[in-house]
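Structure record follows, encoded as structure tokens.
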Amino acid sequence: MIKVGVIGSTGYAGQQLVWLLNNHKNVEIVFLSSHSYANKAYTKVYPQYRQFNENICIDMESALSKLDDIDLLFLALPHGKTFEITKKAIDKNVRVIDLSADLRLKSQSEYEKWYKLRHKLPKEIKNAVYGLCELNREKIKTTKLLANPGCYPTASILSLAPLVFNKLIEPSSIIIDAKSGVSGAGRKANLSTLYGECNESLKAYKVSSHRHTPEIEQELSKFTDKDITLSFTPHLVPMNRGILATSYAKLTKKVNEEDIFNLYNKFYKDEYFIRIIKDLPETRFVKGTNICDISLRVDIRTKRVIIVSAIDNLIKGAAGQAVQNMNIMFDFNENEGLNLLSMLP
């Protein structure tokens, strides 16, 4: 049994994290912290927890005073809000899983370029482990400081890694077209994600400038001897949750579809949360789960491969991956608390 605290517990990712931790047999939640709802019962914010979680949300100062009482701190805060908290937790020898972007990029200058903020923990970004479980498991086992990946990068990197690793695609040819539900924008009030603004509509946003671009490039570049530069375009879809990423790349040699399926099955053969499927993925079949579905097609005419992946942006793309990382860090069964299948309809 480990003791954990959650700072940022009332956002969408934070609430999803609490939901998973509440059902984890090896976890005791010591505190839930919220800036917006300090001193209010968690059940006042999320009434579904009545009789299951009677925590009172505490403020940041109170949360920091309780660091000695926990083994692991989850940070579910916006980027730029974690620096001071992370430093204090490290000084207390408390392990940290940060769901924000503050520890994901290894280059301080890249972070400052894309996020328009001064990075206050340059030493820590060098020490933090990027927590894409299926690709970084051995480093995750021993780290005390973990950068939980973004949702778009999770879907994109997992779908492209086998091809980049096996040098089957031209690195400069990668194009990623991804679509996300509105929960990816968080719980704060925002005109662009109001029901009347986004329902019955589909739009691209932050074209050629989305902050997840360097994260995807950084992690895929680890599988090749070249720095990868790619095109990434996100879209907003009027649904609550889910990501569908469709990636295109030029093949480096003639290869048939069955051979690539075999390559993917071999690459991910021991991965519980990755399903290589023949049918094209749909978000409804991974909604509410920690699963990433991946399929592909080879376009012989254009000599391109098209890879399609689907995840739940709040689970495999955020809170579920954080719990999976926790399980690895503390030597629990990796799927503990995450044995979830999508509920239909």
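Please report, ordered by residue number, the strands (runs of 3 or more DSSP E) entirely within the range 232-339 with at least 2 residues that are in contact (Cβ under 8 Å) with a residue 12 or more places away in the chain, farther than 28 Å from residue 183 by Cβ and in the same structural domain as residue 179 (by TED's automatic domain parsing).
Details: elements: 243-250, 274-276, 292-299, 304-311.
In the range 232-339, 243-250, 292-299, 304-311 are the strands (runs of 3 or more DSSP E) which contain 2 or more residues that are in contact (Cβ under 8 Å) with a residue 12 or more places away in the chain, farther than 28 Å from residue 183 by Cβ and in the same structural domain as residue 179 (by TED's automatic domain parsing).
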Among (1) more than 18 Å from the chain's Cα centre (by Cα); (2) of a type in the set (A, V, I, L, M); (3) buried (at least 16 other Cβ atoms within 10 Å of the Cβ) - the single one residue 103 does not satisfy
(1)
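Within the range 126-140, can one find any residue that is buried (at least 18 other Cβ atoms within 10 Å of the Cβ), in contact with a Cys (Cβ under 8 Å, 6 or more places away or on another chain) and modelled with pLDDT of 95 or more?
Our first condition is that a residue be buried (at least 18 other Cβ atoms within 10 Å of the Cβ); within the range 126-140, this holds for 128-136, 140.
Those left that are additionally in contact with a Cys (Cβ under 8 Å, 6 or more places away or on another chain): 140.
Subsequent filtering for residues that are modelled with pLDDT of 95 or more retains 140.
Checked the range 126-140: at least one residue is buried (at least 18 other Cβ atoms within 10 Å of the Cβ), in contact with a Cys (Cβ under 8 Å, 6 or more places away or on another chain) and modelled with pLDDT of 95 or more.
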Assess whether residue 46 counts as being under 23 Å from residue 20 (Cβ atoms), surrounded by 15 or more Cβ atoms within 10 Å (Cβ to Cβ) and among the aromatic types (Phe, Trp, Tyr).
yes
For the range 259-318, how many residues meet the condition of being of a type in the set (S, T, N, Q) and surrounded by 15 or more Cβ atoms within 10 Å (Cβ to Cβ)?
6
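In the range 10-43, which residue that is in a loop (DSSP other than H, G, I, E, B) and in contact with a Ser or Thr (Cβ under 7 Å, 6 or more places away or on another chain) is surrounded by the fewest Cβ atoms within 10 Å (Cβ to Cβ)? Can you show your working first?
In the first step, residues of the range 10-43 are kept if they are in a loop (DSSP other than H, G, I, E, B); the result is 10-11, 23-26, 34-40.
Keeping just the survivors that are in contact with a Ser or Thr (Cβ under 7 Å, 6 or more places away or on another chain) gives 10, 34, 36-37.
Values: 10: 22, 34: 24, 36: 12, 37: 19.
Looking at the filtered set, the residue picked out is 36.
Here's the yes/no breakdown for (1) of a type in the set (Lys, Arg); (2) free of Cβ contacts under 8 Å to residues at least 40 places away in the same chain; (3) touching a strand residue (DSSP E or B) at 6+ places or on another chain (Cβ under 9 Å); (4) assigned to a helix (DSSP H, G or I):
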residue	(1), (2), (3), (4)
125	no, yes, yes, yes
155	no, no, yes, yes
158	no, no, yes, yes
163	no, no, yes, yes
178	no, no, yes, no
206	yes, yes, yes, no
Within the range 90-102, can one find any residue that is part of a helix (DSSP H, G or I) and either closer than 21 Å to residue 13 by Cβ or not β-branched (Val, Ile, Thr) (or both)?
yes
So residue 187 ticks every box in (1) free of Cβ contacts under 8 Å to residues at least 60 places away in the same chain; (2) within 28 Å of residue 9 (Cβ to Cβ); (3) basic (Lys, Arg) but one. Which box is left unticked?
(1)
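Considering each of 84, 54 in turn, give the residue that is at pLDDT below 95, farther than 26 Å from residue 313 by Cβ and not basic (Lys, Arg). Lay out the reasoning, then the answer.
Numbers: 84 fails: at pLDDT below 95.
Checking each option against the conditions leaves just 54.
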Just name the residue that is nearest to the chain's Cα centre (by Cα) out of those in the range 194-241 that are over 22 Å from residue 111 (Cβ atoms) and surrounded by 18 or more Cβ atoms within 10 Å (Cβ to Cβ).
241
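The values are calculated or read from the model by the stated rules, or taken from the named source; none is laboratory data. This is a predicted model, so every value here is computed, not measured. Note that each Cβ is placed from the backbone with ideal geometry, even for glycine, and that neighbours are counted across all protein chains shown.
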